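A.B. asks: Have a look at this one.
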Amino acid sequence: MEKKYDYYSSIDITRALLTIILVLYHSFAPYGNAWPNPVDANNTTYWLLSKLLYNGFLEGFVLISGFCYAHSCSKRKFRIMPKVKRLMLPSFLWSIIWLLLFSNTSIDSPLFWYKAINGAGHLWFLPMLFCCFVLQNYMIKKSSPRIIVLLILVAILPYPNLPLHLNVREFNIKLYN
């Protein structure tokens, strides 16, 4: 039987390792002052582990996503609806569930829906990837170098809470895809 797609086992191995590192990091994140400390978190070993585990796993996920995305774009034209279904829809639905269970924000509040669209909790990663894919196809490929420089500057500015997490550092990596 002939393969319909290229398969890279190294991508699966890297994803599995990065997922383990991600889970371990989140286990030690309160000790590294990444979140408000729910308990007295003065354990030097745990602090060191949180700092060591943080190095590169998010960038690794973005790199793998960019590789898979670039590979798929070399085979077929970009279509936005599959990206909406794969990234934005799950992010939106799980964000609503997360907000209803763990947030004090009222469902009637515009802030609730802003958070749902932008990925509540740890779901910020999916809208960020979606935004990178869309910008890559619709703006960067059709823009002048000035617009590209402007987008890079907006991406690295330290504004908190830009829509779709455009100020997240992983966004910068995707701009160079």
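A.B. asks: Do any residues in the stretch 127-155 that are without any contact (Cβ under 8 Å) to a residue 40 or more places away in the chain have Cβ atoms under 8 Å from those of residues that are surrounded by 15 or more Cβ atoms within 10 Å (Cβ to Cβ) and not in a helix (DSSP H, G or I), where the two are at least six apart or on different chains, and which pairs are they?
C.D. replies: Qualifying pairs under 8 Å: Val154/Leu162; Val154/Leu166; Val154/Asn167; Ala155/Leu166; Ala155/Asn167.
A.B. asks: If we keep just the residues of the stretch 114-143 that are among the polar types (S, T, N, Q) and touching a Leu at 6+ places or on another chain (Cβ under 9 Å), which is nearest to Leu101 (Cα to Cα)?
C.D. replies: Here the residue is Asn118.
A.B. asks: Just to be sure before I move on: is Ala29 closer than 23 Å to Gly121 by Cα, at pLDDT below 80, surrounded by 13 or more Cβ atoms within 10 Å (Cβ to Cβ) and not polar (S, T, N, Q) in the structure I sent?
C.D. replies: No, not satisfied.
Per-residue answers, yes or no, for (1) at pLDDT below 80; (2) over 18 Å from Ser74 (Cα atoms); (3) within 18 Å of the chain's Cα centre (by Cα); (4) part of a loop (DSSP other than H, G, I, E, B):
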residue	(1), (2), (3), (4)
Cys132	no, no, yes, no
Ser143	yes, yes, no, yes
Ile147	yes, yes, no, no
Leu151	yes, yes, yes, no
Val154	yes, yes, yes, no
Asn161	yes, yes, yes, yes
Asn167	yes, yes, yes, yes
Phe171	yes, yes, yes, no
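So that you can scan it fast, the table gives a plain yes or no per residue for (1) surrounded by 16 or more Cβ atoms within 10 Å (Cβ to Cβ); (2) modelled with pLDDT under 85:
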{"residue": "Asp6", "(1), (2)": "no, yes"}
{"residue": "Thr19", "(1), (2)": "no, no"}
{"residue": "Asn42", "(1), (2)": "no, yes"}
{"residue": "Leu53", "(1), (2)": "yes, no"}
{"residue": "Ile64", "(1), (2)": "yes, no"}
{"residue": "Lys75", "(1), (2)": "no, yes"}
{"residue": "Lys85", "(1), (2)": "no, no"}
{"residue": "Met88", "(1), (2)": "yes, no"}
{"residue": "Phe102", "(1), (2)": "no, no"}
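A.B. asks: Further question on the same structure: Are there any helices (runs of 4 or more DSSP H) wholly within the stretch 54-105 with 2 or more residues that are among the aromatic types (Phe, Trp, Tyr), and if so which?
C.D. replies: Helices (runs of 4 or more DSSP H) meeting the threshold: 57-75, 89-102.
The values are calculated or read from the model by the stated rules, or taken from the named source; none is laboratory data. This is a predicted model, so every value here is computed, not measured. Heads up, the Cβs are rebuilt from the backbone with ideal geometry, glycines too, and the neighbour counts pull from every protein chain shown.
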